[in-house]
Amino acid sequence: MLMTSTLTKRGASPAFVMIFSTIFSSVMSVVFITCVAFSNTAVADTGISHERKTALIKLVRNDCGSCHGMTLKGGLGPELSAESLHNSDPESLRETILHGRTDTAMPPWSAFINGAEADWIVEQLMKGFPDAH
Ligand code: HEC
């Protein structure tokens, strides 16, 4: 190892060199792991990872689309476009998604998505839902 031989040349004892290299590589592993951990959760604003957002878009397009229409223009369930929802209360849409509506076909989704994810879906629906890739 380059660093180890430099230290030995400077007269450091082999034991010191061993301990120093061990500590140095431990510190570097911690730095490396921390960097990897942070780069995977790049979306600090919602706490929802990019991968999870992609999965949620698929869920809405496929599962919600089976009732609300594949283009979300309505079917058994009403249209869910930016235009049709612009007067809606986001809080009530979120509750509808999480808990469904009794006596209608709209089922509850809280077993599959959490509150933050429902908020994110409402936000996307209200500005025009993204296409699945
Ligand atoms: C089995 C059919 C069905 C599925 C699947 C379904 N819905 Fe619905 N949804 C409905 C029906 C029917 C209504 C209208 C309920 C009523 O009459 O008030 C509705 C209402 C809604 C509303 C309220 C719309 C408004 O203008 O008030 C939202 C938002 C909604 N659904 C979102 C979703 C989302 C998001 C999913 C998927 C996670 C989903 N729905 C899946 C049938 C469905």
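Laboratory data are not the source of any read-out in this text; all were calculated from the coordinates shown. All of these numbers come straight from a predicted model, not from anything done at the bench. Please note: Cβ atoms are built from the backbone with ideal geometry, for glycine as well, and neighbour counts cover all protein chains shown.
Miscellaneous remarks
- For the stretch 50-127: rounded, prolate or oblate by the Cα gyration tensor [a/c cutoff 1.5]: rounded
- Residues 57, 113, sorted so that the one with the fewest Cβ neighbours within 10 Å comes first: 57, 113
- Site pair residue 111 and residue 15 shows an inter-label distance of 6.4 nm when each label is modelled 7 Å from Cα along Cα→Cβ.
- For residue 109, the residues 5 or more places off, or on other chains, whose built amide H falls under 5 Å of its own are 98, 99, 100.
- Summed side-chain charge close to residue 49 - residues other than residue 49 whose Cβ falls under 15 Å, Lys, Arg +1, Asp, Glu -1: 0
- Neighbour counting of Cβ atoms within 10 Å sorts the residues 112, 129, fewest neighbours leading, into 112, 129.
- Net lengthening on full extension, residue 71/residue 83 (0.36 nm per residue, minus Cα-Cα): 3.0 nm
- Per-residue HN-Hα couplings for the stretch 57-62 [Karplus 6.51, -1.76, 1.60; θ = phi - 60°; Hz; x = Gly/Pro]: 4, 4, 4, 5, 5, 8
- Phi-based couplings in Hz for the stretch 118-132 (Karplus 6.51, -1.76, 1.60; Gly and Pro marked x): 5, 4, 5, 4, 4, 4, 5, 4, 6, 10, x, 5, x, 6, 6
- Summing +1 for each Lys or Arg and -1 for each Asp or Glu among the other residues whose beta-carbon sits under 12 angstrom from that of residue 93 gives -3.
- Among 50, 68, a tally of other beta-carbon atoms within 10 Å of each Cβ gives an order, fewest to most, of 50, 68.
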